[in-house]
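Working notes, beginning with the structure itself.
The values are calculated or read from the model by the stated rules, or taken from the named source; none is laboratory data. Every value quoted in this text rests on a predicted model; they were computed, and no experiment measured them. Neighbour counts run over all protein chains shown; Cβ positions are idealised from the backbone, glycine included.
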Amino acid sequence: MSIALIPLTIFAASQIGTPGPANMALLATGARFGFRAALPFVAGVALGKQLIIWPIGFGLMELAEAAPGLFIALKYISAAYIIWLAWKVANLRLTPGQGDATAPGFAAGLIVHPLNPKAWAMIVGGFTAFVGSDVSSFTATATIAAVLLGCQIILHPIWTLAGDRIAKTVAGTAAEPYLMWTLAGLTVASVLFVLFGGGA
């Protein structure tokens, strides 16, 4: 089977391009601070996925089989963290480039995917569905890492730019709080879907 590269790429693009905790964080960050100020955060989010791709590729799933309770606990702790972030998003008000607050930086972006259950499910799905048993761990991991990073480099800035453009339209209007609560609701829904709906 080797690696089904084209189906893997389509799968990665569909998962990375659709709403989820990371994309909602990018959208909200772009809306709150503007596209340029959010770019270090975007870079951190993109590279943060590498922090879980490589350990999974080199045997983390064997540990998951040996200690499933630990991973279940981590999954729910991660979900709680994402939901807490959603609450903060719901209460944000859009003032791009203004105010005392500063945009989250590269380091803040790095932890988004390690705490994102959708990212874990996506990566595990990539290894199990598109990689043959004849492929070495290094080749499989490097290929999945490159495909996902390539999709993120294209799609993550689009979500961030969308937030920036939305903010310019609704900031200071009556629609603003409804927008922020909608973003927060989508974030929570995406986490709950991964936890209980079996999605990626």
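One residue stands out among those in the range 146-200 that are aromatic (Phe, Trp, Tyr) and either in contact with a Gly (Cβ under 7 Å, 6 or more places away or on another chain) or crowded, with 17+ Cβ neighbours inside 10 Å (or both): the one that is modelled with the highest pLDDT, which is Trp159. Considering the range 122-137 alone, what residues qualify as being closer than 11 Å to Ile56 by Cα and of a type in the set (Phe, Trp, Tyr)? Matches in the range 122-137: Phe127 only.
Only one of the numbered conditions (1) buried (at least 18 other Cβ atoms within 10 Å of the Cβ); (2) within 29 Å of Gly172 (Cα to Cα); (3) in contact with a helix residue (DSSP H, G or I) (Cβ under 6 Å, 6 or more places away or on another chain) is violated by Pro19, and that is (1). For Pro55, the test of being at pLDDT 85 or above, out of contact with any Pro (no Cβ under 8 Å at 6 or more places or on another chain) and surrounded by fewer than 18 Cβ atoms within 10 Å (Cβ to Cβ) is passed. Out of the range 108-145, which residues are assigned to a helix (DSSP H, G or I), surrounded by fewer than 23 Cβ atoms within 10 Å (Cβ to Cβ) and of a type in the set (D, E, K, R)? Listed by number, the list is empty, since nothing qualifies. Annotation: Ile82 fulfils all but one of (1) closer than 16 Å to Leu27 by Cβ; (2) modelled with pLDDT of 80 or more; the unmet one is (2).
For the range 163-171, does any single residue satisfy the condition of being outside any helix (DSSP H, G or I) and more than 16 Å from the chain's Cα centre (by Cα)? Yes. Of all residue pairs spaced 6 or more apart or on separate chains, those with beta-carbon atoms under 7 Å, a first member in the range 176-200 that is more than 24 Å from Ala12 (Cβ to Cβ) and a second member that is basic (Lys, Arg) and modelled with pLDDT under 75 are Glu176/Arg93.
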